[in-house]
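Structure first, then comments.
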Amino acid sequence: MTKSKIYKFLGVLSILGVLSISFGYWQLPNRHKAIVKSYLFEKLGLVNPNWKVINKIDTYKMISPEFYIDGIYKSMEGPKSTNFVQLSQDSTLLWLTEFHVKALDAKTLKEVSKDFICHTNVDFNDTKYYSGFHLEKRIGTQYPRLTSLSHGIENFSFPKGYGVPMKGNEILSVTTQALNHNIPDANFWIRHEVDINYSHAKNIKPLMSRTAFIMIPYDKNDPYKCPTDPQKNQCIPVETKNHSYDDGKGNKLSGHWVIPIGKNSYRSTINNQLQIQDSLRLHAAAIHVHPFATEITLYDSTLKQIIFTSKIINHKNKIGLTKVNPFKSEKGIWMYKEHQYEIILKVNNTSKSTQDMMGSMFLFFYDKELDVFLQKPIVTY
């Protein structure tokens, strides 16, 4: 084979390779496209992957790398980045009290619309955390997510006198993700600024976090069958790989589902997620929902009583959440092992197409067991 033929052959292979990669890329969902683009931007040196950190007294402030917004990114689809946080360099006991996130222009660092904030997840290492407080029996019993901020609830704080205790040199994982529901021809860069406020005070009561969310059954043999039976609390999952669960009896449940046009309501029991051993006193709740949700309720179905309802305000002339109201109470509300609890979500899809939905609560209870441990005098030798 002559050199010219070899070069032609290699050229054809190169073109086919590029076409194949391009075709594969365009077949990816938005979420995976964002991951690919972020990776390429980093490798090409277009984006500095490092976070800017400013750790002041009682406030850990961090600014994310740049996120390129080049089209519509619905909930959980946009570019994202993760930072690992140590509030201090020693094991001094600190109290997490507030969480904040805002979107910034990438160059000027001036605040821009909250509509570019999808969610900010704060996770912890449950093995090290619980071992440090001699609570090893809790390891692996809950997903180790402390809380989450999201579109409509960009700021969250605990009631006065309460907080989550943490040794300063423990690791927190903070992941923040961008969002864009309304600008299809977008072409700009943003960043997220995330603040964690903490206290050195001695008179704070400890809180524990429990995550609870709606899980709705779907037909595992035909998951995308439409419409579902309106008489059943059943859904069409957004996808079956993520946020899909098993009820222990071989039935499939989805925590991320599709809502049709119009008003609907969804509900599911959450006792297995709460894991109440005797009784717990609820003091706070951060809420995570998607646009077109109108209210979400924590409900005691044994007493047929509402524990609290979060009213949700949607934008009027575009897609988005103006305000999601959290729950806070210094007095607290008792919840009991023998009671049955549900989350009930109401939605009103005023758009012209189906939309995706979630309904989650990050519930914070007074931690009596941990409080007893923290009150013990420190023994030194």
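Rounded to the nearest 0.05, what FRET efficiency is calculated for residue 369 and residue 302 with R0 set to 22 Å and r the Cβ-Cβ distance? The calculated FRET efficiency here is 0.35. Between the beta carbons of residue 353 and residue 309, assuming R0 = 30 Å, the FRET efficiency works out to 0.60 to the nearest 0.05. Scanning residues 5 or more positions from residue 162 or on other chains, those with amide H under 5 Å from its amide H are 205, with H placed 1.01 Å from N in the peptide plane.
Extending 7 Å from the Cα toward the beta-carbon at both residue 84 and residue 376 defines two label points whose distance is 2.9 nm. Taking all protein chains into account, the per residue accessible area for region 238-381 stands at 54 Å² (1.4 Å probe). Helices in the chain that qualify as membrane-span-like (whole DSSP H runs, Cα extent of at least 24 Å along the helix axis, mean Kyte-Doolittle hydropathy of 0.0 or higher) are 3-26. Label separation (residue 329 vs residue 278): 2.0 nm, computed from points 7 Å beyond Cα along the C-beta direction. Magnitude of the charge dipole for the chain, about its Cα centre and with charges confined to Cβ atoms of Lys, Arg (+1) and Asp, Glu (-1), is about 600 debye. Would you indicate which of (i) 20.4; (ii) 26.1; (iii) 28.7 is the value of mean projected area of the Cα convex hull in nm² derived from the coordinates of this structure? Read-out taken from this structure: (ii).
Sequentially through region 87-101, phi angles give Karplus couplings (6.51, -1.76, 1.60; θ = phi - 60°) of 6, 8, 9, 10, 8, 4, 6, 10, 10, 6, 10, 8, 9, 9, 9 Hz, Gly and Pro residues having no value and appearing as x. Who wins for biggest fluctuation among 168, 71, 45 in a Gaussian network model of the chain, springs between alpha carbons below 10 Å? Among 168, 71, 45, the largest mean-square fluctuation in the Gaussian network model of the chain belongs to 45.
Extending 7 Å from the Cα toward the beta-carbon at both residue 201 and residue 222 defines two label points whose distance is 5.8 nm. When the Cα positions of 226, 242, 214 are compared along the charge dipole of region 195-243, 214 comes out farthest toward the positive end, with charges on each C-beta of Lys, Arg, Asp and Glu.
The values are calculated or read from the model by the stated rules, or taken from the named source; none is laboratory data. Owing to the predicted nature of the structure, the values given are computational and were not obtained by experimental measurement. Virtual Cβ from ideal backbone geometry, glycine too; neighbours counted across all protein chains shown. Note: accessible area is taken over every heavy atom of the protein model, side chains too, but ligands, DNA and RNA are not part of it. Shrake-Rupley method; radii C 1.70, N 1.55, O 1.52, S 1.80 Å.
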